Amino acid sequence: MDVFLVMRRGKRFFGGIVDITFMKRSDKNLSEAKVVVSQKVAKKAVDRHKIQRRLREIMRHILKENSPLSRGYDFVVVAKPSASHASFGDLKTSVKSTLNVDWG
């Protein structure tokens, strides 16, 4: 997956804690997600990796389900500075509301 291509040509949704860009891919049987957390979000690498792990897990759950988003899309999830103080539940709610996905 080319992150820059998705960021340029994809459809973008803005949320309170994350921005999500996605676009259809040629392989209809597979979806993939990349997570971007810059130094503007958290100065320490440990904190950035913690946010990345949390967001990857949330996206894994979304892509694992039998939803329309689970097949044929590339996702780029970009964390905003407010993500550094967000709990897992807050991140989950933000991703859910940004993508408008119903899951438990």
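Any residue that is over 22 Å from Val3 (Cα atoms), outside any helix (DSSP H, G or I) and at pLDDT below 95 - is there at least one of those in segment 54-66? Checked segment 54-66: at least one residue is over 22 Å from Val3 (Cα atoms), outside any helix (DSSP H, G or I) and at pLDDT below 95.
Out of segment 26-49, which residues are in contact with a strand residue (DSSP E or B) (Cβ under 7 Å, 6 or more places away or on another chain), farther than 13 Å from Val78 by Cα and surrounded by fewer than 18 Cβ atoms within 10 Å (Cβ to Cβ)? Result: Glu32, single match.
Summed over segment 67-93, the residues that are hydrophobic (A, V, I, L, M, F, W, C) and part of a helix (DSSP H, G or I) give a count of 4.
The values are calculated or read from the model by the stated rules, or taken from the named source; none is laboratory data. Remember, it's a predicted structure, so these values are computed and weren't measured experimentally. Every residue, glycine as well, gets a Cβ built from its backbone with ideal geometry; the counts of neighbours run over all protein chains shown.
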